[in-house]
Amino acid sequence: MQINILNVFFLLPFVHILLFLNVHAAPPNGSFYWTDREILCTNYDINRTRCVLNHPQLGPEQNPECFDEVDENGAKLKTYCALGCEESLEAQLVKKIPSNSPSCVQHYTYNLERKRQDWFLWRNGTCLDSSIRFHLICGTPTNPKVFYRENEQLFLYEDAEN
């Protein structure tokens, strides 16, 4: 295989431009406050699964707003469960436990979806009949003005007079 030296010199400036744009890209505006969630789904029988959402502030919640999506014949397509990330702009799956579960494959038998002003975990097919746990995070933009207004005592000086 021969490499034409002219082609290499022709492509070199484009490679440098791409590297420069990638390295010197501006960071996204704002910041995110991430909160953890864990949802544990336990299978008891065929088509009988119960899920528990472990919310950091609210504690465990049994079958958190879970509902089934069915087709026109009444066959179950997907089961959705809310994650309690109502104000979040983003939600991400961090990991599934066990990680080697062949019945739950992301994008095919489970994923996250924004619905009804919340984020939902949906499962279908073989993943519905599996006992599995998902670790998730929800990203909420922080607003410094709101944080200051709600936490004024953190910004008071000890030597300040009222």
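The values are calculated or read from the model by the stated rules, or taken from the named source; none is laboratory data. Everything numeric here is computed off the predicted structure, so don't read it as measured data. Note: ideal-geometry Cβ built from the backbone for every residue, glycine included; neighbour counts use all protein chains shown.
In the range 114-162, which residue that is aliphatic (A, V, I, L, M) and assigned to a helix (DSSP H, G or I) is modelled with the highest pLDDT? Checked the range 114-162; the qualifying residue modelled with the highest pLDDT is Leu128. Against the list (1) at pLDDT 90 or above; (2) farther than 21 Å from Pro141 by Cα; (3) touching a Cys at 6+ places or on another chain (Cβ under 7 Å); (4) not aliphatic (A, V, I, L, M), the condition Asn63 fails is (1).
Filtering the range 110-139 down to residues that are of a type in the set (Val, Ile, Thr) and surrounded by fewer than 20 Cβ atoms within 10 Å (Cβ to Cβ), which residue is farthest from the chain's Cα centre (by Cα)?
Restricting attention to the range 110-139, the residues satisfying the condition of being of a type in the set (Val, Ile, Thr) are 126, 132, 137.
Checking which are surrounded by fewer than 20 Cβ atoms within 10 Å (Cβ to Cβ) leaves us with 126, 137.
Working: Thr126: 22, Ile137: 5 Å.
So the residue we want is Thr126.
Note on the range 46-94: among residues that are loosely packed, with under 11 Cβ neighbours inside 10 Å, at negative phi and in a strand (DSSP E or B), the one that is farthest from the chain's Cα centre (by Cα) is Arg48.
Residues to consider are Ser88, Ser101, Ser131; find the one that is under 18 Å from Cys41 (Cα atoms), touching a Ser or Thr at 6+ places or on another chain (Cβ under 9 Å) and without any contact (Cβ under 8 Å) to a residue 60 or more places away in the chain. Spell out the reasoning first.
Numbers: Ser88 fails: under 18 Å from Cys41 (Cα atoms); Ser131 fails: without any contact (Cβ under 8 Å) to a residue 60 or more places away in the chain.
Every option except Ser101 fails the conditions.
Evaluated against (1) at pLDDT 90 or above; (2) in contact with a helix residue (DSSP H, G or I) (Cβ under 6 Å, 6 or more places away or on another chain), Asn43 falls short on exactly one condition, (1).
Applying a threshold of 8 Å to beta carbon distances and a minimum spacing of six or more residues, or different chains, the list of pairs starting in the range 64-75 at a residue that is under 15 Å from Glu113 (Cα atoms) and ending at one that is basic (Lys, Arg) reads Asp68/Lys76; Asp68/Lys78; Glu69/Lys76; Glu69/Lys78.
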